[in-house]
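One structure is given below, encoded as C-alpha cells.
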Amino acid sequence: MSPRWQHLQACSVIGAAHRRQQKPCQDASLSVELKGRDGSLQLLVVADGHGGHRYRLSHRGSALACQVSQEVVEQWLACTPLADPERWRQWLKQELPTTIHQRWLTAITADWALQPQAEHEPFSPLLYGSTLGLVLLAPQWWGCTGIGDWDLSAIDQQGQAALLSEEREHSDSEATGSLCQELDQQLWLPRTQLHPLEPQTDLQALVLSTDGVRKSCATDADYLQLCAALVDLRDRQELEEGLAHITQAGSGDDVSLAMAHRAARPRRSGVLPAGSWRWLLLLLAASGIGLGAWLITRQETPLQAQARQLCANPEQIQSNLNQRRAQFKALLEQPQLASQLQQPTSTDPLGALIAASQSGPIPGCAALNAELSRQWQRARTTAAPAKGKMPAAAAPAAAPKNP
C-alpha cells in the first residue's frame, strides 16, 4: 500500500425504507489498491442508483459503475507514471469522463441482454441510472471527479472536517447529474480536483459518501461532525452497524462510504483524545443522528440501557413499574437490597434503576422520573406486604413491552 495512505474502507448499507419495501440496495462502493509501474494507487468509489420503476435496474447500474471505474483507472495507471500529476490532472478533466461513460454504456447494454424482459422491452440507459464519485490516492497527490450528488469531506489533524466537493444545484428538470444522461463533461468538471500532498499538509483523512448519509443529518455541520467520527471506525462490522443506524434514524435512503487515512503522524495538541468521544457522540445524538445514538448505546451501563428502553415507550412506563410494586416496598423495608441490585453483576437492570431512583431523579426522561416518584410515594403510604411475598429483588427484570 502507498506509504501515504492506509486503512482504506468502503461500505454500502441498504436503506431502512428499501428494507421495509424488500427492494435491493441501490448503492455500491469499493476501495482497492492498484499496482502501477512506479508505485501503488488507492481508489475509492461510491455510486448511487436512482431507484424507482423508471430506473428499476439502477442497483446493477451502480455496481457496474464501480466496476468500470476500477477497470478504467487500472488501465490508465499501467501506462502513466504517478510521478506526473499534470498528466493525471488532464486525464481527470478531459478523458476519464468520456471513457467511463462509454464503458458504462457498454457494460449496461451487455447486462440488459441477460435480463428476461429484454425480449419484449426496448433498452434504455435510464433503467440503470446512477451517480458516480471517485477519489484517487497517490503517494504524492490525490484527486477526485464524478457526476451526481455525492459528497467528499476532508478531516484534518485537529479532527475538524470540511466539505471539499458537492453537487451544484441544477437549473433544469433533472434532480441530479447521472451516468444515464447524454455525456456532458461540464457536469463532471466542477467535481474534478487534483492536489499535491506536501509534507506539512494537515490532511488526515478523506471521506467519500453518497447523498443518503448527508440527507440523514439535520445540518451540514452535523454531517461534517459525523464524518470526523466515522474515520475512527476501523472495524467493518462496526461501520456497517453504524450506517444501518444512520439510515434508520435519518433519511431511510441507502448509504455508502469510502474512506482512507494518511499514514500515522504525531497527534497535535487540540486533537480530541479517545476519552472525549462521549462529548462528540452526545452532540451527534442530540442532532438526531443514528450513529451517535448507536455508539452511545454501545457504552451504556445496563441501568442506562433500561432507562432508554423505558423512555422509548413512555406509554408503557406505568405498567412496567406497577409490576414492581412489591420491590419498591421491599427497598423501603430492607435498605441493603439497594446495594445488591446496583452491583455490576446484577441480573435485574430494572431493579437497579428502581433502587437508584430512591435517592432522587435518575438520568432519563421526565415521564420515567415522574412515574418513579409516584411509585415511591405509593409505596410509602401503603402497608408493607406480608413476609415471604417479595421475591422481586432476586428475580430477573421484566423487560419493557414492545408497542
With the Cα gyration tensor of region 5-298 giving a ≥ b ≥ c as the square roots of its eigenvalues, does the rule (a/c under 1.5 for rounded; else a/b larger than b/c for prolate; else oblate) give rounded, prolate or oblate?
oblate
Calculated FRET value between Asp84 and Gln186, using beta carbons and R₀ = 35 Å, to 0.05
0.85
What spacing in nm lies between the two simple spin-label points modelled at Thr201 and Lys23, each 7 Å away from Cα in the Cβ direction?
3.8 nm
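Using the beta-carbon distance between Gln75 and Gln158 and R0 = 41 Å, what value does 1/(1 + (r/R0)^6) give for FRET efficiency, to the nearest 0.05?
The computed FRET efficiency comes out at 0.60.
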Just rank Ile246, Ile100, fewest to most, by other beta-carbon atoms within 10 angstrom.
Ile100, Ile246
For region 302-381, with equal point scatterers placed on the C-alpha atoms only and solvent neglected, what are the log10 I(q)/I(0) values from the Debye formula at q = 0.11, 0.20 1/Å, to two decimals?
-0.24, -0.83
Expected sort for Cys144, Cys227 with the fewest Cβ neighbours (10 Å cutoff) up front is Cys144, Cys227
For Cys25, what charge total do you get from the other residues with a beta carbon under 15 Å from its beta carbon, if Lys and Arg give +1 and Asp and Glu give -1?
-1
PRE reach from Arg168 (point 7 Å along Cα→Cβ): which of region 185-217 fall under 18 Å by backbone N?
185-194
Evaluated over region 25-164, the Cα radius of gyration and Dmax, each in Å:
16.5, 58
Its Cα gyration tensor gives region 1-79 an equivalent ellipsoid whose semi-axes in whole Å, largest first, are 30, 15, 6
Give the order of Arg60, Arg37, Arg308 when sorted by the count of other beta carbons within 10 angstrom, beginning with the fewest.
Arg37, Arg308, Arg60
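Read the figures in this text as sums done on the coordinates, not as results from a lab. Not measured: the values here are computed from a predicted model. Cβ: placed from backbone, ideal geometry, glycine included. Neighbour counts: every protein chain shown.
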